[in-house]
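Sending over a structure as structure tokens; questions will come in a sec.
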Amino acid sequence: MSQIISIKGLSKTYKSGFEALKTIDLDIEKGEIFALLGPNGAGKTTLISIICGIVTPSSGSVTVSDYDIIRDYRATRSMIGLVPQELTAEMFETVWATVSHSRGLFGKWPDPAYVEKVLKDLALWNKKDSKLITLSGGMKRRVLIAKALAHEPSILFLDEPTAGVDVELRNDMWELVRRLRDSGVTIILTTHYIQEAEDMADRIGVINNGELILVEDKHELMRKLGKKQLTLQLHDALDAIPASLASHHLVLAKDGSELIYTYDSQGTRTGITHLLTDLADAGIRFKDLDTSQSSLEEIFVGLVRRDR
């Protein structure tokens, strides 16, 4: 894939002296789903706002399809659709009118068939003549997505798109996102629902305190940083872990009926064979065992804590 967004040396310091972004370098590939993760105040929204031309950077450069976001503002902005966190729209307009108007703002000719398709994709067709003020919060969120798609952008930013919305909308949205990606649209999303990033993203970026601390292919990230656990269900419960097993750093769980062993699956040796031998020598029998791997959420929390 070729890059569609290129960010070099980007920083943002506000007049108050707050340094929101610190020398960000990032390339986003055409047609990928890129998830940007970080705690509140980490710089996610500032970064998105700069790329979309809403906030002016203090230094550095951003290009979209080789167009500079400042020098070629109209060209770059026409390629981008943005679904913001805040529910902002003309409350007394109809759904049809506000989505059609958004298309016109970017110089696109009227295309009722395309607007109809977007509204149907987002389950808004039966609300097309309703005024926004009469809609539920979830329906208003759908309208924001429709507005962002109205001018057929090649890049779509989703800034916390599922915050406070129902499960049905969340599932509909991710189905739509997959279809957009399959059609060649590049998706950049921020989310507090890390499970969504794990399910949807091709690559993960983690930002904290204005710095991009990691960018990695999702599967490679899980492979490198994911720890595995072996859970042994014991035949007889233990009151304590024998001293002879101290080197394995075991954890006793479920009232002494389980032993949990954490290991690096990428290491040259997992230590499991040695563990099982030591268990047998200690006279500890088990009736079943299970393995599990760290979730993306556990990896994310670990990275952010490490960066403090």
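The values are calculated or read from the model by the stated rules, or taken from the named source; none is laboratory data. Please read all numbers here as calculations on a predicted model, not as lab measurements. Note that we place each Cβ from the backbone using ideal geometry, even for glycine, and neighbour counts take in every protein chain shown.
If you go through region 54-70, how many residues are β-branched (Val, Ile, Thr) and in a strand (DSSP E or B)?
3
Another question, then. Which of the residues spanning region 57-105 are surrounded by 15 or more Cβ atoms within 10 Å (Cβ to Cβ) and among the hydroxyl-bearing types (Ser, Thr, Tyr)?
THR63, SER65, TYR67, THR76, SER78, THR94, THR98, SER100, SER102
Another question about this same structure. Within region 106-222, considering only helices (runs of 4 or more DSSP H) that don't extend past its boundaries, which have at least 2 residues that are touching a strand residue (DSSP E or B) at 6+ places or on another chain (Cβ under 6 Å) and assigned by TED's automatic domain parsing to the domain that holds ALA75?
Values: elements: 112-121, 137-149, 167-182, 194-200.
Passing ranges, in order: 194-200.
List pairs: first in region 86-98 and in a loop (DSSP other than H, G, I, E, B), second at pLDDT 90 or above and of a type in the set (Ser, Thr, Tyr), Cβ under 7 Å, 6+ apart or cross-chain?
Close Cβ pairs satisfying both conditions: ALA89/THR98; GLU90/THR98.
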